[in-house]
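A short write-up of the structure that comes next.
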Amino acid sequence: QLYAARLDVRVFRTASECIAAAKADGRQLWVTDLSQEAAPLCAHAAGEPALPRLAVVVGSEGAGVSKTMLAAADRRVFLPMCGFTESLNVSVAAALVLQRLLDRRDASGAPFGALPAAEAAALRARWYADLARSEEQLQLFLELATRGGAEPYLDTRRPEAFREEQRAGGKRTAARRRAFEGEAGGEQGP
């Protein structure tokens, strides 16, 4: 549930409603497709333009995405594969597509798709509240949040002490999170 709190989930009754919402949000619609019209989603090539704001649609292994989504697609993409594999299940395909997109960098080497500052601040405040393991950490994280947050790790692997705490069942409490959000003040986003 910790990671689900980092996602904004919207449910649509129809593909048309989803398409309209994506377009209203200024997003291009990229759909996975195994037809001859689809372009390979490969590693980012030098000189390729920056990615637009995207809504990515991944269909089921057998049927793929709906005809409505295909007709609305700004771009149809597929993952080139080697060997005897014809397709991947939807969770594997989604993970690989998203990783390919996240691997893209701009000319300076920075990743594409950075959040706007206000969204990043709200997300950081919620995340810090979940990360705090004590009242002391909660106060430290609150100070960090007001200064724009900690510098990102260059190496995201976890230290062994953290891993041992997780194995031992270390949990964050909802009460600490609520206290942090109350102290941070203002809207914390959806």
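Of note:
- Of the listed requirements (1) closer than 30 Å to residue 166 by Cα; (2) aliphatic (A, V, I, L, M); (3) modelled with pLDDT under 80, residue 117 misses just one: (1).
- Selection within the stretch 75-93 - open to solvent by 50 Å² or more (accessible area, probe 1.4 Å), farther than 18 Å from residue 36 by Cβ and within 20 Å of the chain's Cα centre (by Cα): 89, 90, 91, 92
- Leading residue by the ranking (modelled with the lowest pLDDT) among those in the stretch 28-47 that are in a loop (DSSP other than H, G, I, E, B) and open to solvent by less than 70 Å² (accessible area, probe 1.4 Å): 45
- Restricting the stretch 135-155 to residues that are closer than 16 Å to residue 124 by Cβ and part of a loop (DSSP other than H, G, I, E, B) leaves a set whose member that is modelled with the lowest pLDDT is 153.
- Qualifying residue in the stretch 91-98 (condition: farther than 28 Å from residue 123 by Cβ, in a helix (DSSP H, G or I), modelled with pLDDT of 90 or more and of a type in the set (Val, Ile, Thr)): no
The values are calculated or read from the model by the stated rules, or taken from the named source; none is laboratory data. This is a predicted model, so every value here is computed, not measured. Positions of Cβ are generated from backbone atoms using ideal geometry, with glycine treated the same way; all protein chains shown enter the neighbour counts. Calculation scope for accessible area: heavy atoms of the full protein, side chains included, ligands and nucleic acids excluded. Shrake-Rupley method; radii C 1.70, N 1.55, O 1.52, S 1.80 Å.
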